[in-house]
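Data first, discussion second: the structure below is written as structure tokens.
The values are calculated or read from the model by the stated rules, or taken from the named source; none is laboratory data. Owing to the predicted nature of the structure, the values given are computational and were not obtained by experimental measurement. Cβ: placed from backbone, ideal geometry, glycine included. Neighbour counts: every protein chain shown.
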Amino acid sequence: MSTRFLSAIIALLAAWLVITPLSTLWAAEGSVVEGSGFSLFDTESIKGFDENKVAKDPICDRSKRPMITKVEPDEAKPGDRVVIKGENFGTKECLHSVTFSAASGTKIEYKYVNETTIEAKVPDAKPGMTFVIVVSGGGSAQSKPVLIKKK
């Protein structure tokens, strides 16, 4: 860029700053910025809470990280069911997802059995090695490799 062009840009910016009130550039804490709605991030303000809803919300123990100890069988075809054994999967409400690395982005059908067992349907994925990933309130866990066979 030429210095002439940069000088013109700087002059325009300086002129804009002179005619723009500072209150619109930096809104002080607690001030209202015209046109911002409830907040600057297009979210509604919280006008209280529903005590019944809060009482029913699950309490997920974030200090207990999940761990997968075994996937049975360790060789399966798409459509087969596998059993995922482990620890700290949490409650049904705290179990967020089950995925297979060979089919990332694919919605996996799974059934929560208990805190140590989940059953999942092997997705339609290319044959080869994959990892099973479980995400719960305490974090995520990855299995040892599992072989997806041809249909």
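Filter the stretch 97-110 down to residues that are loosely packed, with under 14 Cβ neighbours inside 10 Å and assigned to a loop (DSSP other than H, G, I, E, B) and give me whichever is modelled with the highest pLDDT.
Start the filter on the stretch 97-110 by keeping residues that are loosely packed, with under 14 Cβ neighbours inside 10 Å, which leaves 97, 104-107, 109.
Keeping just the survivors that are assigned to a loop (DSSP other than H, G, I, E, B) gives 104-107, 109.
Details: S104: 86, G105: 87, T106: 91, K107: 93, E109: 96.
Step by step, filter the stretch 97-110, then rank; the result is E109.
For the stretch 77-96, name all the residues that are surrounded by fewer than 19 Cβ atoms within 10 Å (Cβ to Cβ) and assigned to a loop (DSSP other than H, G, I, E, B). If you could, list the steps in order and put the result at the bottom.
Within the stretch 77-96, the subset surrounded by fewer than 19 Cβ atoms within 10 Å (Cβ to Cβ) is 77-81, 83, 85, 87, 91-93, 96.
Result: K77, P78, G79, D80, T91.
Restricting the search to the stretch 110-144, which residues are touching a residue at least 40 places away in the same chain (Cβ under 8 Å) and over 21 Å from R62 (Cβ atoms)?
Correct list: K121, V122, P123, D124, A125, V132, S143, K144.
For the stretch 93-112, how many residues are among the acidic types (D, E) and farther than 20 Å from L147 by Cβ? Let's see the steps before the verdict.
Residues of the stretch 93-112 among the acidic types (D, E): 93, 109.
Applying the additional criterion that residues be farther than 20 Å from L147 by Cβ yields 93.
Going through the stretch 93-112 one residue at a time, the tally reaches 1.
Considering only the stretch 111-146, state which residues are surrounded by 14 or more Cβ atoms within 10 Å (Cβ to Cβ), within 17 Å of A76 (Cα to Cα), modelled with pLDDT of 95 or more and among the hydrophobic types (A, V, I, L, M, F, W, C).
Selection gives I118, A120, V122, F131, V132, I133, V146.
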